[in-house]
Structure formats: structure tokens, C-alpha cells
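These notes concern the structure reproduced below.
The values are calculated or read from the model by the stated rules, or taken from the named source; none is laboratory data. Remember, predicted model here, so these are calculated numbers, not experimental data. Note that each Cβ is placed from the backbone with ideal geometry, even for glycine, and that neighbours are counted across all protein chains shown. Surface areas here come from the heavy atoms of the whole protein model, side chains and all, with no ligands, DNA or RNA. Shrake-Rupley method; radii C 1.70, N 1.55, O 1.52, S 1.80 Å.
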Amino acid sequence: MKKKIVFFGMVIFIIMINTNVNAKYLLEYTHTIANIEIDQIPPKVELISVINTQTANKTYENQTNSLIVTIKIEEKNIQKNNFNQDYVEVLVGDKKLEPEKYEIIKVEQTSKIVLYNIKLHKIVGEENLKIKVKEGTIEDISNNKNQEQIFAIGIKSK
């Protein structure tokens, strides 16, 4: 009888060890289907520099000299670029300047930055010059649009 109890106890012990060993291992397979990047930052428009060709008084602009304003756009995923005279206005005080008085030239473009020069010619008026960049001038692939900005140039026309 003792032999049967010892044999039965050994069988139960072996079954318990075998169960623990089999439950110990897991296999897992993963596959990457897509990586999604979410762009939540809208395009940034900045005034970089103002160059006045008048040598006598740099705070005034007259009809014989020209003025060059450099604008920087910072966005790496541009979908629509409407930086033209329909979306960018030059204001003398609160009055819109005619498109014949200024031109917009793309100077440089890299993967993240676009530089534009706005050349102003023969400005007439007694008020401060401003450049207005309308909302939606630049749109990225996530449909983020730049906000409307008005840059005060700090120069008066004579």
C-alpha cells in the first residue's frame, strides 16, 4: 500500500511540474502597417528685414528710392502657397497700395523655409507703411493655415 501512495504522489508531482513548464512561454508576432504623423503647428510668417535705399533719412521713403522687405515663411509641408499680390497687401496707413507699386519675388526655398522680397516703388502718402499677410496665404498638408498678420515696417512715406 505504501508503494501505491508513493507512486500516486510522484505522478501528481510530475503532472504539476509539466503544467508549469508549458505555461511559461509566449510567442508574439507584430507587423507595422502605417506610421501616422500629425502636424498641429500652423505655418509661421515673419518679417526678417527692411532695407531702405535712401541714404539721407532711413525712417522715410520717397518716390525716387525703393524699399525691400524680406519675409520668411516657416513650414516644411506646404500644400498651397498663395504668397502673391492677391493675399499680400501693402498698406499706407489704412489704405491699400495698388499692385503696380510693389512686386513680390521668391528669393530662396529650402525644405522648411521660404524667403520672399517685397520691393516697393514710388510710395505716396504721409503715414506708416505696413504689410498685411492674409489668413490662408500658406496652407500645409494638415490644412493648417497661417493667421492674418500685419507687419509695421516703421518707415513713413513722403
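Annotations
- Conditions (1) farther than 22 Å from His121 by Cβ; (2) at pLDDT 90 or above; number of the one not met by Leu47: (1)
- Any hit, region 93-103, residues being more than 23 Å from the chain's Cα centre (by Cα), at pLDDT 90 or above and open to solvent by 60 Å² or more (accessible area, probe 1.4 Å): yes
- Where strands (runs of 3 or more DSSP E) sit wholly within region 71-158, those with at least 2 residues that are within 17 Å of Ile48 (Cα to Cα) occupy 88-92, 102-109, 113-121, 128-133, 149-157.
- All told, Val69 falls short of being in contact (Cβ under 8 Å) with a residue 24 or more places away in the chain, in contact with a Phe, Trp or Tyr (Cβ under 9 Å, 6 or more places away or on another chain) and loosely packed, with under 15 Cβ neighbours inside 10 Å.
- Any hit, region 32-41, residues being at pLDDT below 90, surrounded by 12 or more Cβ atoms within 10 Å (Cβ to Cβ) and hydroxyl-bearing (Ser, Thr, Tyr): no
- Taking residues in region 128-153 that are of a type in the set (Ser, Thr, Tyr), and partners anywhere that are open to solvent by 80 Å² or more (accessible area, probe 1.4 Å) and part of a strand (DSSP E or B), the pairs with Cβ atoms closer than 9 Å and at least 6 places apart or on different chains are Thr137/Lys80; Thr137/Lys145; Ser142/Gln79.
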